[in-house]
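Visitor: Pasting a structure here, questions to come.
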Amino acid sequence: MAGNHLIAIGSYFEWDREAMASGYTLHEVPNADAVLDLPADVRAEVRAIAFKGHTPFGERHMESLPALGLIANYGVGFDAIDVAAASERNIQVSNTPDVLNDDVADLAVALLLAQSRKLIEGSTWVRSGDWPKKGELPLNRKASGRRAGIVGLGRIGREIADRLAAFKMEIHYHSRSPKDTPRSWTFHADPVSLARDVDYLFVALVGGKETAGYVSRQVIEALGPDGILINISRGSTIDEAALLEALENGGIRGAGLDVFNNEPNIDPRFLELDNVVLQPHQGSGTIETRKAMGQLQRDNLAAFFAGEKLLTPVN
Ligand code: NAP
C-alpha cells in the first residue's frame, strides 16, 4: 500500500509477516543495524517500525529515518529502544503489555517448582536408567507454604504473587511505593529487607539502565544459603557476577533463570552449575500469547496510520 511504508525488524512468525505484508509496504531486516543499510529512498518513506528483538535501537537509527513516527515494540519490555531519543524527535513508542502476563508468571512459578522439586534431575533419573539401578531420587525440598518475595510488583509481578498465594505462601514485595494488595501482604521499602525476610525471591522489574544491578550483591547475601532466586525480567536487573559467585559457593541454594546478560551467549559458568534451572528467554513463548502480542503490535500500527490514539503507548 503506497504511503504505508513499514520496516519489520527481527524474525517474525509467518502469521505476523503475512498480516503486515497485506497491510503495508513491508521492508524486512534482521536487526536494528540493518536499517542503516536500506536504500536512502526507502528510508525516506518509512513512517513506522515493527520492532522485535533485543539489539539496541537508538539515535543513529532514528536519524536515518526522517519520516519515522512510531516504533511499535513486540513485547512489553522496551529497554532495547532509546525512548528518550524517540520522544525528543516526537516519535511515539508502543509495547504489548498484559497479554503476556499469564505466561511469564506461569514460567516463574514453574522455575521455582523445577528448582525446588528437582524436576530436571527427576526426568534425567528416569531416562538414564538410574531409577531401577539406584532407587529413589534423593529427597528435594518442599515448595508450598514458604515465604515469597517479589521485586517489582507491576503487572507480571502481581500475577506471580497471586499464583504463589494459591501455593499457601506468605507474600512480601518491594516496589517504589506500596500497592493496593490483600492486607496480609507485606511491603518492604528496600529490596535488602525483602530478601532477608523470604525464602524465594522473584525478580519482575523492567530492564534498562535505571534498574541495572538492582538485585545487588547485598540483596543476594540477604537472601542467604537457603534462598532461591527466580528471574524472568532481564539479565541486567541482577548483579550477575555476584549471583554466579553465590551459586558456586553456596551463598544461595539455587536459581531459576529465563534471562541473562549477553543472551544467547550466556556466561559459560552457568552451564557448570547443578543448582540452577536455565531457560532460553521463553517467558512469553506460547503460540497463543505470541499471536496476541503480534496482534497488539499491529493494532498499534493501525491506530498510528489511521491518525488515532495508540492502544498501549509508552511515551
Ligand atoms: P510493569 O508493570 O511496568 O512493572 C515493572 C516493575 O518494575 C514495577 O514494579 C516497577 O516498580 C518496577 N520499576 C520500573 N522502573 C523502576 C525503577 N527505575 N526503579 C525500580 N523499579 C522500577 O512491567 P511488566 O509488564 O510487569 O513487565 C516487567 C518486565 O518483565 C518487562 O519490562 C520485561 O523486561 C520483563 N519480561 C520478560 C519476559 C520473558 O520472556 N522472560 C516477558 C515479558 C516481560 P513500581 O511497582 O514501583 O512501579
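Visitor: Quick one: what pairs do we get from region 219-230, first residue on the phi > 0 side of the Ramachandran plot and at pLDDT below 95, second in a helix (DSSP H, G or I) and not polar (S, T, N, Q), C-beta under 7 Å, 6+ apart or different chains?
Guide: Final answer for the pair search is none.
Visitor: If a residue must be assigned to a helix (DSSP H, G or I) and surrounded by 16 or more Cβ atoms within 10 Å (Cβ to Cβ), how many such residues does region 246-258 contain?
Guide: Of the residues in that region, 2 qualify.
Visitor: Against the definition (within 26 Å of the chain's Cα centre (by Cα), within 16 Å of the ligand (Cβ to nearest atom), among the hydrophobic types (A, V, I, L, M, F, W, C) and not in a helix (DSSP H, G or I)), how does residue 49 come out, yes or no?
Guide: no
Visitor: Let me ask you something else. Is it the case, given these coordinates, that residue 73 is more than 10 Å from the ligand (Cβ to nearest atom), over 13 Å from the mean Cα position of the chain (by Cα) and at positive phi?
Guide: Considered against the rule, which asks whether it is more than 10 Å from the ligand (Cβ to nearest atom), over 13 Å from the mean Cα position of the chain (by Cα) and at positive phi, residue 73 comes out as no.
Visitor: Another question about this same structure. Looking at region 90-119, which of its residues are of a type in the set (Val, Ile, Thr) and within 30 Å of residue 174 (Cα to Cα)?
Guide: Across region 90-119, the qualifying residues are 93, 96, 99, 104, 109.
Visitor: Considering region 259-275 alone, what residues qualify as being within 16 Å of the ligand (Cβ to nearest atom) and either touching a helix residue (DSSP H, G or I) at 6+ places or on another chain (Cβ under 6 Å) or assigned by TED's automatic domain parsing to the domain that holds residue 47 (or both)?
Guide: 259, 260, 261
Visitor: Sticking with this structure for a sec: Taking the stated definitions as given, is residue 19 surrounded by fewer than 16 Cβ atoms within 10 Å (Cβ to Cβ) and more than 30 Å from residue 210 (Cβ to Cβ)?
Guide: no
Visitor: So which residues in region 92-104 are near the ligand (Cβ under 9 Å from one of its atoms) and farther than 20 Å from residue 57 by Cα?
Guide: 98, 100, 101, 103, 104
Visitor: Now for a separate question. Given the options 44, 72, 34, 19, name the one that is without any contact (Cβ under 8 Å) to a residue 24 or more places away in the chain and not in a loop (DSSP other than H, G, I, E, B).
Guide: Being without any contact (Cβ under 8 Å) to a residue 24 or more places away in the chain and not in a loop (DSSP other than H, G, I, E, B) holds for just one of 44, 72, 34, 19, which is 44.
Visitor: Counting only residues that are over 19 Å from residue 283 (Cα atoms) and out of contact with any Leu (no Cβ under 9 Å at 6 or more places or on another chain), how many does region 147-164 have?
Guide: 1
Visitor: Now a separate question. Looking at region 215-240, which of the residues that are more than 18 Å from residue 262 (Cβ to Cβ) and part of a loop (DSSP other than H, G, I, E, B) is nearest to the ligand (Cβ to nearest atom)?
Guide: 216
Visitor: Give me the pairs: first residue in region 175-191 and in contact (Cβ under 8 Å) with a residue 40 or more places away in the chain, second residue within 13 Å of the ligand (Cβ to nearest atom), beta-carbon distance under 6 Å, and six or more apart or on different chains, which are they?
Guide: Short answer, once both residue conditions are applied: 191/151; 191/174; 191/219.
Visitor: Can you name every residue in region 116-159 that is within 16 Å of the ligand (Cβ to nearest atom) and in contact (Cβ under 8 Å) with a residue 60 or more places away in the chain?
Guide: Matches in region 116-159: 151, 152, 155, 156.
Visitor: Would you pick out the residues in region 186-223 that are touching a His at 6+ places or on another chain (Cβ under 6 Å) and β-branched (Val, Ile, Thr)?
Guide: Within region 186-223, 186, 198 qualify.
Visitor: Those residues that are β-branched (Val, Ile, Thr) and either farther than 16 Å from residue 105 by Cα or surrounded by fewer than 15 Cβ atoms within 10 Å (Cβ to Cβ) (or both), I need them from region 160-185; list them, please.
Guide: 181
The values are calculated or read from the model by the stated rules, or taken from the named source; none is laboratory data. Please read all numbers here as calculations on a predicted model, not as lab measurements. Here Cβ is always computed from backbone atoms with ideal geometry, including for glycine, and neighbour counts include all displayed protein chains.
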